[in-house]
Amino acid sequence: MDKYIEIFKKSYSDYWNYLKYELIDLNHWDNFFYGLIVISIVVWLLEIAFPWRKGQAIFRKDFWLDTFYMFFNFFILNLIILIALSNTISEFFNDLLSKIGLSISSLQLFDVDDLPQWLGLFIFFIVSDFVQWNTHRLLHRFEWLWNFHKVHHSVKEMGFAAHLRYHWMEPIVYKSLLYIPIAIIGGFDAQDVAIVYFFSIAVGHLNHANLGWDYGFLKYLFNNPKMHIWHHAKALPDHVRYGVNFGLTLSLWDYLFKTDFVPYDGRDIELGFEGDENFPKGFVSQELYPVFSRKRESHEQKY
């Protein structure tokens with residue numbers, strides 16, 4: 001137990017030092033902090049230059065809330081819990097494997113160092129995107145997961161920063177289900193991962209942006225604003241009541257597994273979910289949802 005506590009504590013100092021390094025060192029291209037800022041500004045300028053919903057304000061509803069979410073979820077949440085939890089669970093999992101004479105390296109299907117860099121990155125990207133697509137489907141299919149995912153679907157006006165408005169439990173679910181598949185094909189260095197992350201962030205920002213693009217024939221491969229807005233539609237037919245268009249970066253999975261749904265131009269459809277008018281509006285109350293909201297509802301029903 002002492003070992004796990006030490007790993008947990010050390011993760012805080014290591015990530016804090018990493019975060020300070022990101023803030024002050026501008027000499028490496030894979031700087032996640034400034035990379036996020038650059039991508040966000042570029043997509044925001046595209047929104048301003050080519051607005052799909054022309055009546056939507058540049059500083060749309062909840063613009064600043066979503067901007068805060070963007071930096072909180074991408075950096076501060078890692079510092080608070082995600083990195084420490086991830087490192088501790090990883091060590092615990094490795095210890096469990098060692099008890100039966102196995103290790104993560106023994107489970108690896110191949111060594112990415114033996115592959116061309118582009119092929120290794122392609123495999124990493126495809127596997128991670130497919131696992132995340134399936135995880136996203138689960139967030140909609142099971143009520144206890146959907147209650148966390150409601151934070152993301154509480155967006156009422158789409159804009160690039162809505163991409164990273166999500167409950168703190170979501171990355172725990174995503175990372176947990178992604179851990180083993182990525183470990184099996186592990187061996188990537190930080191710069192390799194940065195390439196995939198920057199690309200995924202850019203596509204995710206564009207998906208949520210006030211842009212009326214579908215990329216032509218590439219819409220069958222990449223998620224896009226015209227497709228993703230239907231994922232946020234408040235009203236859906238019964239046969240797709242558990243959601244549609246679950247792709248994060250790739251739309252390919254939705255077309256392959258028949259979860260695609262773009263019945264018409266959805267520029268002006270209402271966004272949200274049933275009962276969203278009663279959903280918490282502030283950051284703290286949304287982050288504490290659904291635990292405290294259920295306690296409050298139980299108290300109100302009692303009295």
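Mind checking which helices (runs of 4 or more DSSP H) fall wholly inside the stretch 158-277 and carry at least 1 residues that are under 27 Å from Leu288 (Cα atoms)?
169-184, 190-208, 225-231
I need the full set of residues from the stretch 228-272 which are buried (at least 17 other Cβ atoms within 10 Å of the Cβ), among the aromatic types (Phe, Trp, Tyr) and touching a residue at least 60 places away in the same chain (Cβ under 8 Å), in order please.
Phe246, Trp253
Report yes if some residue within the stretch 141-154 is crowded, with 17+ Cβ neighbours inside 10 Å, within 30 Å of His28 (Cβ to Cβ), touching a residue at least 60 places away in the same chain (Cβ under 8 Å) and of a type in the set (S, T, N, Q); otherwise report no.
Checking the stretch 141-154: not a single residue is crowded, with 17+ Cβ neighbours inside 10 Å, within 30 Å of His28 (Cβ to Cβ), touching a residue at least 60 places away in the same chain (Cβ under 8 Å) and of a type in the set (S, T, N, Q).
Can you give me the ranges of the helices (runs of 4 or more DSSP H) entirely in the stretch 62-131 with at least 1 residues that are surrounded by fewer than 16 Cβ atoms within 10 Å (Cβ to Cβ) and at pLDDT 80 or above?
In the stretch 62-131, the matching helices (runs of 4 or more DSSP H) lie at 63-71, 83-99.
Assess whether Ser40 counts as being assigned to a helix (DSSP H, G or I), of a type in the set (Gly, Ala, Ser) and at pLDDT 80 or above.
yes
Among the listed residues Val203, Val196, which satisfies the condition of being within 18 Å of Tyr255 (Cα to Cα), in contact with a Phe, Trp or Tyr (Cβ under 7 Å, 6 or more places away or on another chain) and of a type in the set (Val, Ile, Thr)?
Sole residue among the options that is within 18 Å of Tyr255 (Cα to Cα), in contact with a Phe, Trp or Tyr (Cβ under 7 Å, 6 or more places away or on another chain) and of a type in the set (Val, Ile, Thr): Val203.
So which residues in the stretch 43-56 are without any contact (Cβ under 8 Å) to a residue 24 or more places away in the chain and part of a loop (DSSP other than H, G, I, E, B), if there are any at all?
Lys54, Gly55
The values are calculated or read from the model by the stated rules, or taken from the named source; none is laboratory data. In this text the structure is predicted, and so the values were computed from the model without any measurement. When we count neighbours, we look across all protein chains shown, and the Cβ atoms used for this are built from the backbone with ideal geometry, even at glycine.
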